[in-house]
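Worksheet for the structure shown next.
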Amino acid sequence: MFRNDDIWRAERFEAIISPPRPSLPSWNQLLDSAEMYPVPQRRETHGRSEEYLGRWMKERKIPRERLVIATKVTGPSGRMTWIRGGPMALDSRNILEAIDTSLLRINTEYIDLYQIHWPDRYVPMFGETEYVASHQFASIPIAEQLDALGRAIDAGKIRYIGLSNETPYGVMKFLQLANDAGLGSKIVSVQNSYNLLSRNFDSGLAECCHHERISLLAYSPSAMGILSGKYFSPDGGQPDARMNLYRGRYSEGESRYNISSVVLRASVEEYVNIANKYALSPISLAIAFVLKHSLVASAIFGATKPWQLKEVIETCDVHLTEEIIEEINKVHKKYPNPCP
């Protein structure tokens, strides 16, 4: 999917590259979006990702059955007041209204994979690493969220349910209550960050997904482009590179990927050296590593230029040897998860 220059600049295109995995339904090309996209989120641009997707399908006359469309409902947020007055909770009204609005923007009769963008309860996210019990606040019961999603499935508006930015507790609780409600087979994925700089998925959540046949849709496989090494080059990367273009305006990304961190710089330089040693581009090394994971169904990447999209697609043919993986793991042991 390509766009004109204005659209490429305005919105990160998210697509998914997928090795075959048995736990997901048999799908064709999968495109991921969210009602709050593009990011950094702004009143004047929210919803454009879904609108662009719908416009592209219509203008290119893409048969609906060739695509798997994934999108997300915005979790509680007092900041994004332009989305349903600032969605304070994922109650039935918010979920069902969000689904209907997304269907209109995408101009489709159904959404294949509908995901909860982040939990309706306190969890450490976007750079936080410790759970603080006193931060817990009142939240909508998971059973109510599932009831709304189940009604949307019954109405033919969505087909499958996905979670995002979830914890092992959250995944298992959703599955427990979904099984009670007869929706157990409908929860098929969790979309969490996973890359060379953030392998927290392997500490607890991977075990849950393995035994419960939940696939990981890994976002940020290149760590927002940081694993290319461009931000640590002499020129600091092109001015229109994401972390430069939105510097100071993208708190979620900057809190996790602090490019001024000495540890982050050191770890990225070592991964870049591994890529150079084996005649790979740093991005190819990063994404091939993610795709090698047995529980990863798909890697979601963001591209702002067509050549970046081409580079990522070509990564599907990259095979990482055990020797390369061993060197990667040595760096990980030295600098474990510098970007939580």
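Rounded to the nearest 500, what is the chain's calculated 222 nm mean residue ellipticity when only DSSP H runs of at least 4 contribute -39500 (n - 2.57) each, over all residues?
-11000 deg cm²/dmol
Could you work out the relative contact order of the range 204-340, using alpha carbon pairs under 8 angstrom and six or more residues apart, expressed as a whole percent?
34 percent
Just H210, H135, H319 to compare: in a GNM of the chain, with alpha carbon springs under 10 Å, which one fluctuates most?
H135
Quick one: which residues, 5+ away or cross-chain, put their amide H under 5 Å from the amide H of Q29? H built at 1.01 Å from N.
Sorted by chain and number, the residues that satisfy this are V68.
So who's got an amide H within less than 5 Å of the one on Q115, skipping anything under 5 residues away but keeping other chains? H placed 1.01 Å off N, in plane.
Here the answer is T71, K72, V73, G162, since their amide H atoms fall under 5 Å of that of Q115.
Could you tell me the center-to-center distance, by alpha carbons, between the range 226-265 and the range 275-301 in angstrom?
Computed from Cα coordinates, the inter-centre distance equals 20 Å.
How large is the dipole of the chain about the Cα centre if only Lys and Arg carry +1 and Asp and Glu carry -1, each at its Cβ, rounded to the nearest 20 debye?
My answer is approximately 560 debye.
Which of V132, P40, V272 sits closest to the plus end of the dipole of the chain, meaning its Cα is farthest towards the positive end, when Lys and Arg get +1 and Asp and Glu get -1 on the C-beta?
P40
Among DSSP beta bridges whose residues both lie in the chain, state the antiparallel percentage, nearest 5.
20 percent
Efficiency by 1/(1 + (r/R0)^6): what FRET value for A143 and D202, r their Cβ-Cβ distance, R0 = 41 Å, to the nearest 0.05?
In this case the efficiency is close to 0.90.
Please name whichever of I99, S49, A223 sits farthest to the positive end of the charge dipole of the chain, dipole taken about the Cα centre and charges placed at Cβ: Lys and Arg +1, Asp and Glu -1.
Result: S49, furthest along the dipole toward the positive end.
Taking the Cα centre as origin and putting +1 on Lys and Arg beta-carbons and -1 on Asp and Glu beta-carbons, what dipole magnitude results for the range 39-166, to the nearest 20 debye?
Dipole of the range 39-166, to the nearest 20 debye: 620 debye.
Top mean-square fluctuation among P124, P282, P234, Gaussian network model of the chain, C-alpha springs under 10 Å?
P234
List the chymotrypsin sites (Phe, Trp or Tyr not before Pro) within the range 257-340 that DSSP assigns to loop and that have no more than 16 neighbouring Cβ atoms inside 10 Å.
Y278
Tell me, what ³J(HN,Hα) does each residue in the range 232-237 have, in order and in whole Hz, if you take phi through Karplus 6.51 cos²θ - 1.76 cosθ + 1.60 with θ = phi - 60° and put x for Gly and Pro?
Each residue's phi maps through the Karplus curve to give 10, 6, x, 8, x, x Hz.
Around I158, which amide H atoms from residues at least 5 apart in sequence, or from another chain, sit under 5 Å from its own amide H, with H modelled in the peptide plane?
Amide H neighbours of I158: I111, I153.
Figure the gain on full extension for R151 and H319 (residue separation times 0.36 nm, minus the Cα-Cα span) and round it to one decimal in nm.
56.2 nm
Is the shape of the range 136-274 rounded, prolate or oblate, going by the alpha carbon gyration tensor and its root eigenvalues a ≥ b ≥ c, with a/c under 1.5 for rounded and a/b larger than b/c for prolate?
Because a/c hits 1.5 or more and a/b exceeds b/c, the range 136-274 counts as prolate.
Using the Cα atoms of the range 251-340, I'd like the radius of gyration and the largest Cα-Cα distance, Dmax, both in angstrom.
Cα only, the range 251-340: 13.6, 37 Å (Rg, Dmax).
By the gyration tensor of its Cα atoms, with a ≥ b ≥ c the square roots of the eigenvalues, what is the shape of the range 64-181: rounded for a/c under 1.5, prolate for a/b over b/c, or oblate?
The shape class here is prolate.
Which loop-located GluC sites (Glu not before Pro) does the range 111-175 contain, where loop means any DSSP state but H, G, I, E or B and the Cβ has at most 12 other Cβ atoms within 10 Å?
E130
Taking a threshold of 19 Å on the Cα-Cα distance, which of the pairs K292/K334; K72/K157; K277/K310; K230/K305 fall above it?
K292/K334; K277/K310
Read-outs throughout are calculated quantities, based only on the coordinates presented, and are distinct from any laboratory measurement. Keep in mind the model is a prediction, meaning the values are calculated, not measured. For neighbour counting, all protein chains shown are included, and Cβ atoms are generated from backbone atoms with ideal geometry for every residue, glycine included.
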